[in-house]
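Report on the following structure.
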Amino acid sequence: MRLELTLQCDECKEQNYRTSRNRDGVEKINIKKYCSRCRTRTLHKEKRK
Ligand SMILES: [Zn+2]
């Protein structure tokens, strides 16, 4: 079973990326990615639907 996730910029709360992953993963995804609104790399956190 796959979970749909949205990766949300921790600075401006823009939802920049969509991804999916196995349900097995327990810990939350925190990843540094480029945010087009902040115009820099920021921490993105998963947000479940
Ligand atoms: Zn941002």
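The values are calculated or read from the model by the stated rules, or taken from the named source; none is laboratory data. In this text, all values refer to a predicted model and were calculated from it rather than measured experimentally. Positions of Cβ are backbone-derived with ideal geometry, glycine not excepted, and every protein chain shown enters the neighbour counts. Protein only, heavy atoms only, side chains kept; ligands, DNA and RNA dropped before computing areas. Shrake-Rupley method; radii C 1.70, N 1.55, O 1.52, S 1.80 Å.
Okay, here's what the table says:
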item: Where Cys38, Cys9 fall by accessible area, highest first, once all protein chains stay in place (1.4 Å); result: Cys38, Cys9
item: Neighbour cut-off at most 16 other Cβ (10 Å), DSSP loop, GluC sites (Glu not before Pro), the chain; result: Glu11, Glu14, Glu27
item: Where a label projected 7 Å from the Cα of Tyr34 along Cα→Cβ would reach, residues of the range 3-24 with amide N under 19 Å; result: 7-19
item: Size of charge dipole - the chain - debye, nearest 20, with Cβ of Lys, Arg +1 and Asp, Glu -1, no other charges; result: 120 debye
item: Shape call, the chain: gyration tensor on alpha carbons, a/c limit 1.5; result: prolate
